[in-house]
Each structure stands twice: as C-alpha cells, then as structure tokens.
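Structure record follows, encoded as structure tokens.
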Amino acid sequence: MSSPGTATAVERRTQPAAPAILRAVNLRRTYADGQVTALNDVSLEVHPGEYVAIMGRSGSGKSTLLNLLGALDRPDQGEIYFEGEALSKQRNLDSFRAQRIGFVFQSFYLLPTLTAIENVQIPMFEGPLNPTQRADRARELLKIVNLEHRLNHLPMELSVGERQRVAIARALANEPAMLLADEPTGNLDSTNEAEVLDLFDRLHRERNMTLVVITHSQDVADRAERTVHLRDGRIVADVVAHHTPNSSRS
Amino acid sequence: MSFFSIPLKSLLRRRTRSALTILGLGIALAAVISLVGISQGFERSFVRMYQRRGVDLLVQRSGGGNRKDKTLSVKLDPKLRAIKGVRDVDGGLMDMIAMPEFDQFAIILNGLPGNSPELTRANVIDGRRLEPTDERSLMLGKVLALNIGAKVGDDVKIYEQPYKVVGIYESPTVFENGGAIILLEDLQRLTDLNGKVTGFAVSIDHPGNEAEVARIAREIQALEPHLEAMRPDKLVAEVQEVKAAKATAWITSAIALVIGAIGMLNTMVMSVFERTREIGTLRAIGWRKSRVMRLILLEATFLSISGAVAGAIAAVGITKIMSSLPLTNGYIGSEIAPAVFVQGFVIALLVGFFGSLYPAWWGASLSPIEALRRK
Ligand SMILES: Nc1ncnc2c1ncn2[C@@H]1O[C@H](COP(=O)(O)OP(=O)(O)OP(=O)(O)O)[C@@H](O)[C@H]1O
Ligand SMILES: [Mg+2]
C-alpha cells in the first residue's frame, strides 16, 4: 500500500494468512461537484474476525470511508472487494447490505413506533424467516445484548444505553459478516459506553465477528486490535496494538 | 410481527398525528358526501313524490328553457282524458314563493283543483281538507307550519293577501312538508295565469306496460306541437332547479375534494419529510425501495380508510343537522344514498393512494446517507 505525498510513515500490520474479507483499493470520494475531497486514495484491508478502530479529527473522512465500506455509498474512484467480489459489480447493494452488513449508528436510529423486539425484526423482512421465526430470533438477539427484560418497550421507554444495545441486536438480525459502527458510543455516558464495548468484545471473541468502529475515544480504540488514523481524507497511520488492555482478554 | 402491523402500529402509536390527519380527510370527505347526498336526495324526493301520487306521466311545455311562460292551458284536460288507456288527469299550477320574515325563501305553493285526487289523498293531521267551496284558504305542510309558527285558523300572507289556514298535512316528501296547497283558481288569480296550469299529472291504466306508456306519451305529444310527456323520474332529472342543485353540489364538492386532496397530500408529504431519517434507516439496513414505498402507501391507505369512515359518520350528522334547520328543512332530506358513500370511499382511497405515491417515491429514492444526514 502506498499513499504518495503522505508525509507520515504508515506502520503496516503483518499480513495474516486468511484472505481479506474486505479490500478497499484507492478509494476517492468528493462532494459538492468535486469541491470537497472527503476521501483521497485510501486503501485498506480488513480480515475476518478483525476488530478495527477508525480515528481522526472531525471532517477527516471517517464516516465517508465507513459508508463506502458498508455499500451505503459508491466511491468516485477505486474499488471495494467484499469476500473477493467487487461491490461495483453488485447488482443490488440493498440486499448486500441487508445480508452481509450490520450497521450501528451514533444516534441509534430505532423506529420510534416499534418496540425493542419489533425493531430488531425490521432487517429480517429482507430475509427468509416467517413471522414466528422472526420474533424468536429477535428474542434471542435481545438476550445476547442482555435486554430480554425489555422486549416490549418502545425506544422512548429505554435508556440511551439500552437503545444502542437494541440497535446492535438489530444489526445482528441477518447474521452479517461484519459490523460497521459510526461513533456507537458518541451519545453514551461512560457506564453505557463500557457496556456497549463489552458487548463488542464478546461478539468479537465469542462469534469471531469482524468489527469496524469509528470513534473519537481512546478508550474505544484501546479495545480494538488495530487503529486506522485518518487525516484530511487520507490514512496517516495504521497501528496494530501489541497488547490488549482489556483485562477480560488477558 | 407481520409487515401489515408496522404501519398500523406506526399510526396507533402516533395517535394525535393520525387523529389530526383523519380529521382533515374526514372533514373534506364529509363535505363531499353530504353535498352530493343532499343534491341527490333532492332529486330522489321529487321522484318519490310523483310515484306516491300514482303519477305515470307528466305533461308540460317542452323545450322552452328560456321561455318566460311555461304554462299550458286547462283546455288540454279533456283532450288528455280522451286518449285511450288514460285513467286520470290532474292539472296543477306550481309556484315558488318566499316568506323572508320567516327566513323561508323557497316554498313550493301548489295550486290544485278542488276535486284533485291529490287533495283527497292528503294526510291531514290538523284541521280539515281544503274544499272546492273554500275561499282564500290554504293548507300548510307540517314543516312549513312549524317554521312560520302558524296554526289552523291563523291568517298567512300570500302575495300580500291574507289566506286562512284550514288544515295542516303531513307527507313523506320533504318538499311537500315544506310547501303549501291552495285552490287552483286562487293561485291562477294571484299569478295572473287564468286558465293556465304548469302541467298535468296523468295516471294510466297499465303503467307496467312500457309499450303502452310509450304509445300514450306519443299520442299526448301529438296533441300539440310544444307538448312533452315524460316519466316523472326522467322529468325530474330535467328540471332546471334540480339540475342547478346538482351542479352546485358537484362544484362545491369538487372544491371540497380539491381542498381535501391538498390537505391529504400535505399530510402525506409532511409525514414522509418528518420521517426521512426513518426511511434512511430502513434503506441503510437493507430494505429495498419497493418495500419502503409499500410501507408508506399502506400507511396512507389505512389513514384514508379511517378518514373515509370518519367522513361518512360526519356526513350523516351534517345532513341530519341541515335537514332540521328551519332555513333548509323544507327541501333537504335527511338520508344519503348508499351509492354516495361508496363514491366517497372510492374518492378517499384514490386521494390517499395517489396523494402519497409521490412522497413515498421521493422518500424511497433518497440515498440512505442523504436521508440520514437530513434534519
Ligand atoms: N454530503 C456531503 N456533502 C458535502 N460535503 C460532505 C458531505 N458529507 C461529508 N462531507 C464533507 O466531507 C468531509 C468528510 O466528512 P465525514 O463526514 O466523512 O467526516 P468525519 O470524519 O466522519 O467527521 P465527524 O467526526 O465530524 O463525523 C467533511 O469535510 C465534510 O464536510
Ligand atoms: Mg462522521
């Protein structure tokens, strides 16, 4: 990987043997008819079961990158390969997102008129399950996020931390290959943040979930195995943690 | 959870917003249903009046839409009776008068011969029947008597002349209840139409025989060049007043409909705008456009059905109130034909569906990121 013109040295992790689940090559994304270059010549590989944090100042292009990786948006230049297949060749990105990607947002984006268990079922409408199976699976997922006692609560009746855990359960609805989270703890206090991070750890450890998490918080980045730093639309550092401060992993 | 229950829950858990939308649509629809219903009821009431009287053909002056004098001569009476198959002929003069002091502006005043079967058939509920020998007397319809507060024995002014109320009658038709009957000669004198009638009500021996009815109608029309003999239902549909009432009702309801449609459109556009984020969320987690559109359209359909029900109920209420106001109860019936309700429902569903089609398409077509960035 090379970023011509990048002053900062890029520290590369050693390549694991497994093929990348996600490979982004020379991504470029501009806005406002090319006036704003949000992302410039970004290349990145994510391997199955990896836990990657993305950091960088506001406006550095983190969300732009995550949206491209999650097929919410298409790059102006470059290509993204998911499990070896080019996304630009994908006929239906909607169904790709529904089946392969789980999104978690800073503001949760739950449907306010649906209860926890109903919100979790929403992505399943793009899947093969019948209504009973959908409800059963939603119940299971809410159990995984420790919300089995809040099944029939509306988002308004839940704490913000609980809301984010419902959103995570929803992201897992169709057994995605990868979770993408854009500042998932940005609206949470430290107690709730820790709870969400513990949950990510568990998903990563117990289910070998691939996680890409945007964060401003060093606490969050410390949980990840690898941190990608963005500045002005370029990757300026890609650091693999040598030790995990997370006590539960030692 | 089924797909259907998502929009249902969305509506039920946003009660106020849903209620306001339903109210808006309901009001517009109530206006449409009651206006069209009243105008059609007006026509139906006319037809029923003739049917009840056993009138099979109505004879009047043809065509003369602009002709001032639309009357016929009473001399036609024996000629009509001479036609084979004609059982009875009843010539009458009809006039429209106003009693502004009582807020009454469209009172139908019927001038009938003293021996008219129509008179003998009248259901007198107070006082007595009008007799051929009566002078300067009249009978009042029940509703008119109530509206002007007149009792048997009172004097009522007709064309500035005092007329004594000899009886009060009740009829199943609203026009008659809101009208009055005087002797034909009196009305002819008052209106300077001596020897004239507005038309003849003809009853025939075999009204069920279409060919026979058609033959008699032809023979009547052959009597004089300007004559027209029609079935009451056909004639009523031709009556200028009925036509005008229907046209007015349709124009008014078209306006009501346009306002209702714009209200509905506005509501649907607002509800889609308001929920751009939700739509973005659905699209982001992989719902395809068509599913998002189906959700919005389904919600709109539920809203329109509820609005239609609310509108129908309100229309019944409005019509009941209108038909009991002194100003209008002389000529507005209190029932609405089922067909009008059906029309109203179809209109509501169409407006709801097409009114939300564009916002639904717009919302579903936004890129998910665009939708999530809004607001
Ligand atoms: N839709 C858009 N139209 C125009 N400019 C945009 C759009 N989206 C992002 N940008 C610009 O692109 C750049 C990168 O934005 P991006 O949202 O990716 O930053 P970020 O790193 O996620 O920032 P933050 O930490 O504030 O979320 C910024 O300068 C932003 O203003
Ligand atoms: Mg961002």
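The values are calculated or read from the model by the stated rules, or taken from the named source; none is laboratory data. Since we're looking at a predicted model, the values are computed, not measured. Note that we place each Cβ from the backbone using ideal geometry, even for glycine, and neighbour counts take in every protein chain shown.
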Restricting attention to strands (runs of 3 or more DSSP E) lying wholly within region B:50-168, give those where 2 or more residues are farther than 20 Å from B:Ala180 by Cβ and at pLDDT below 90. B:57-61
Of these, B:Ser253, B:Ser203, B:Ser271, which one is among the hydroxyl-bearing types (Ser, Thr, Tyr) and under 18 Å from B:Val59 (Cα atoms)? B:Ser203
Considering only residues that are within 29 Å of B:Ile279 (Cβ to Cβ), away from chain B (no Cβ under 13 Å) and either at pLDDT below 95 or within 8 Å of ligand 1 (Cβ to nearest atom) (or both), which ones fall in region A:57-82? A:Ser58, A:Gly59, A:Ser60, A:Gly61, A:Lys62
Given (1) surrounded by fewer than 15 Cβ atoms within 10 Å (Cβ to Cβ); (2) assigned to a helix (DSSP H, G or I), number of the condition B:Gln188 does not satisfy: (1)
Collect the residues in region B:143-163 that are hydroxyl-bearing (Ser, Thr, Tyr) and at positive phi, keeping them in residue-number order. B:Tyr159
How about region B:88-120: which of its residues are surrounded by 17 or more Cβ atoms within 10 Å (Cβ to Cβ) and of a type in the set (S, T, N, Q)? B:Gln104, B:Asn110, B:Ser116
Check on B:Thr191, under 16 Å from B:Ser62 (Cα atoms) and of a type in the set (Ser, Thr, Tyr): no
Working carefully through the options B:Ser34, B:Ser18, find the one that is surrounded by fewer than 23 Cβ atoms within 10 Å (Cβ to Cβ), more than 10 Å from chain A (Cβ to nearest Cβ) and in a helix (DSSP H, G or I). B:Ser18
Would region A:181-195 turn up any residue that is among the small types (Gly, Ala, Ser), within 13 Å of the chain's Cα centre (by Cα), more than 16 Å from ligand 2 (Cβ to nearest atom) and buried (at least 24 other Cβ atoms within 10 Å of the Cβ)? no
Limited to region B:244-286, what total is found for residues that are assigned to a helix (DSSP H, G or I) and free of Cβ contacts under 8 Å to residues at least 60 places away in the same chain? 12
So which residues in region A:70-85 are among the aliphatic types (A, V, I, L, M) and more than 13 Å from ligand 2 (Cβ to nearest atom)? A:Ala71, A:Ile80
